[in-house]
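Take a look at the structure set out below.
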Amino acid sequence: MSEHTILQPTTIVIFGATGDLAKRKLFPAFYNLYIDGRMPKGFNILALGRAENTDENFRNHIKENLESFSRRKVTLEDWAGFQAHIKYFQHQLDEENSYKNLYQKLEGFDKVYGTRGNRLFYLSIAPNFVSVISGHIKNTSIASNPKKDRIIIEKPFGHDKASAIELNDLLSQAFEEEQIYRIDHYLGKETVQNILAFRFGNSIFEPLWNHRHIESVQITVAEEVGVETRAAFYEQTGALRDMIQNHLLQILCMVSMEPPVSLESSEIRDRKVDVLKSIRRISPDKVDHYAVRGQYGKGTVNGVPEKGYRQEEGVAPDSNTETFVAIKFYLDNERWQNTPFYVRTGKKMKEKHSYITIQFKPLPHNTFSESSQLLSANRLIINIQPQMDIRLQFMAKKPGLSLELKPVEMIFDNFACQNDTPEAYETLLLEALLGDLTLFMRSDQVEEAWDVMKTIQETWEKTKDSSFPNYEAGSWGPEDSNALVERQGHKWV
Ligand SMILES: NC(=O)c1ccc[n+]([C@@H]2O[C@H](COP(=O)([O-])OP(=O)(O)OC[C@H]3O[C@@H](n4cnc5c(N)ncnc54)[C@H](OP(=O)(O)O)[C@@H]3O)[C@@H](O)[C@H]2O)c1
């Protein structure tokens, strides 16, 4: 976003550099930014891990993984340039001395630059280490310059509202809010960012973007995969916390927010907080009316037989963890009064597909009714992944001598414009290097999102769902999810 800001020399310190996220997302993102000439002129990536290791060994490990996970091929020339910036540093997360050594190392880099460079700390470690790391960073003053030092925190950010407030308080003791970059990688996705361009870069859609013209909005994030190797994490988390509280609510904010006055990060984030505040809170006795939970049993995905969630390794045989959630939200504000926003997400669904559907209202009168032609109401579909396109569905005349109508689509295809789209982490890391907070979550955003979830979360924790497992792997979720939208005369698209 901050196209014209000059990138300052930066040392990127990755806590958990030996982990899964670093190898699959972070190093590939830095590598591709490097190829694009979007890394700062002077940069170092300081990879932190507990074990003893050499720069050479660690670089080889990164190269092997780049070959699997980078969107671009690893060439000898690019790798030779990039690898020289990576340094491995043995470090113990809970030992003060390790941070004193880190301080010396960072000071050493500054001498090389001839200036105090920026410092970007990426906490790619489990959430329970955030407190110990931020405490040591504060005590050793290694991130003491609010204008130059930044910290990136991965999701999950807390597990409920109280823990998010606690974590925000803790971070605020070591960092100013402007230094804290809370990641929700959905905000880095090209098609999610395109919602802003589409809504506020055109004059023809915004006048229709309200309860007078829109019947309902649907947001679906469907995954084909199950819990894979993450059962221990997922058993404690479930779909509500893992997907709805962050990704789906963020998309909902992008679709429904008021036009920002400018692209200032505070302005956009204020508008999103307004949306979260406007979401109608559900009372405990209404949870079943507004929300549906599901857990997959055995079934077939893409022709392959799959076991049920409770048969996955590491999952309790009587697990109450939800792998599917559908919720009907209402936004109590002028623009969206009585327009349902349906959101759903699930694992082991029929297909991997994330998309938004804006369903427009039907025509008040059908001019073609005498020729008994049915008209489909207009629909706008924004495909987030794996397809990345925007489709406007409308009625048109069938070519021929009679006046017959049929639904057609007008499509903007991202891949047709550019088939080499940056990964979300590339966009987010570049924004963090540039010091632009727009695509990151502010403390009040995270807390408000947890507040939206609170009653559902507490009700589901207290009550066991005796219908589990209630959907087959390879389906679109439990039958109750259809009933949720059908009560309003709607259908999932
Ligand atoms: N992986 C993903 O796709 C993904 C997606 C979204 C969010 N996240 C979030 O990103 C963060 C990192 O995830 P990850 O999957 O990369 O984690 P990970 O592979 O399980 O662990 C990251 C690193 O933490 C260090 N570590 C593990 N246990 C430790 C301990 N007891 N004491 C000190 N260090 C320890 C290890 O480094 P050393 O042993 O070398 O010190 C390890 O390489 C988490 O917050 C996760 O929720 C991950």
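Could you work out what % of the accessible surface of region 366-493 is carbon and sulfur, using a 1.4 angstrom probe and leaving DNA, RNA and ligands out of the count? Let's see the in-between values first.
Numbers: 3350 of 6500 Å².
So the carbon and sulfur contribution to the accessible surface is 52 percent.
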Once all protein chains are kept in place, GLU166 shows an accessible area at probe 1.4 Å, nearest 10 Å², of 130 Å²
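What length, rounded to one decimal in nm, is gained on full extension from GLN488 through to VAL225, with 0.36 nm per residue of separation minus their alpha-carbon distance?
On the way: separation 263, 0.36 × 263 = 94.68 nm, distance 3.04 nm.
Gain on extension, GLN488 to VAL225, equals 91.6 nm.
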Report for region 61-207 the percent antiparallel among DSSP-assigned beta bridges with both residues inside it, nearest 5. 0 percent
How much accessible area per residue does the chain have, in Å², with a 1.4 Å probe? 46 Å²
Pairwise FRET efficiency - LEU375 versus PHE412, Cβ, R0 = 25 Å, nearest 0.05: 0.60
At 7 Å along the Cα-to-beta-carbon direction for both GLN90 and ARG38, put a label point, then send me their distance in nm to one decimal. 3.6 nm
Scaled to the compact-protein estimate 2.2 N^0.38 Å, what is the alpha-carbon radius of gyration of the chain, rounded to two decimal places? 1.05
Determine, from the Cβ-Cβ distance of HIS353 and GLU190 and an R0 of 22 Å, the FRET efficiency 1/(1 + (r/R0)^6), rounded to the nearest 0.05. 0.85
Compute the acute angle (0 to 90°) between the alpha-carbon long axis of helix 96-113 and the principal axis of greatest extent of the alpha-carbon atoms of the chain; round to the nearest 10°. 90 degrees
Of LYS277/LYS298; LYS328/LYS350; LYS111/LYS272; LYS189/LYS348; LYS41/LYS277; LYS25/LYS147, which sit over 32 Å apart, Cα to Cα? LYS277/LYS298; LYS111/LYS272; LYS41/LYS277
Take every DSSP beta bridge with both residues inside the chain and express the antiparallel ones as a percent of the total, to the nearest 5. 55 percent
Per DSSP helix of 4 or more residues, -39500 (n - 2.57); summed, then divided by the residues of the chain. What does that give at 222 nm, rounded to the nearest 500? -10000 deg cm²/dmol
Rounded to the nearest 10, the angle in degrees between the Cα long axis of helix 424-434 and the longest principal axis of the Cα atoms of the chain comes to 50 degrees
Given the C-alpha centroids of region 13-40 and region 70-147, what is the distance between them in whole angstrom? 13 Å
Got a sec to turn the phi values of region 314-329 into Karplus ³J(HN,Hα) couplings, 6.51 cos²θ - 1.76 cosθ + 1.60 with θ = phi - 60°, whole Hz, x for Gly and Pro? x, 9, 5, x, 10, 3, 9, 6, 8, 10, 9, 9, 10, 9, 9, 9
Can you tell me how much longer the chain between GLU177 and MET395 gets when fully stretched, taken as 0.36 nm per residue apart minus their C-alpha distance, in nm with one decimal? 73.6 nm
When every protein chain stays in place and a 1.4 Å probe is rolled, SER266, SER319 sorted by accessible area with the largest first are SER266, SER319
Cut-off under 5 Å, modelled amide H: who pairs with ILE86 long-range: ILE45
Aspartates and glutamates within cross-link reach of LYS105: Cα-Cα under 20 Å, excluding same-chain residues under 8 positions apart? GLU52, ASP55, GLU56, ASP94, GLU95, GLU96, ASP149
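Once fully extended, how much extra length lies between ASN101 and LYS462, figured as 0.36 nm per residue of separation less the alpha-carbon to alpha-carbon distance?
Extra length from ASN101 to LYS462 when fully extended: 125.3 nm.
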For the chain, the longest principal axis of the Cα atoms and the Cα long axis of helix 190-200 enclose an angle in degrees, to the nearest 10, of 60 degrees
For ARG487, ARG150, write out the residues from largest to smallest accessible area, computed with a 1.4 angstrom probe and no ligands counted. ARG487, ARG150
Per residue, what volume in Å³ does the Cα convex hull of region 47-176 take up? 138 Å³
Using Cα positions and a limit of under 12 Å, work out the aspartates and glutamates in reach of LYS361, with same-chain residues fewer than 8 apart set aside. GLU215
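The values are calculated or read from the model by the stated rules, or taken from the named source; none is laboratory data. Because the structure is predicted, anything quoted here is derived from the model rather than measured. Virtual Cβ from ideal backbone geometry, glycine too; neighbours counted across all protein chains shown. Just so you know, the surface numbers come from the protein's heavy atoms only, side chains and all, with ligands and any DNA or RNA stripped out. Shrake-Rupley method; radii C 1.70, N 1.55, O 1.52, S 1.80 Å.
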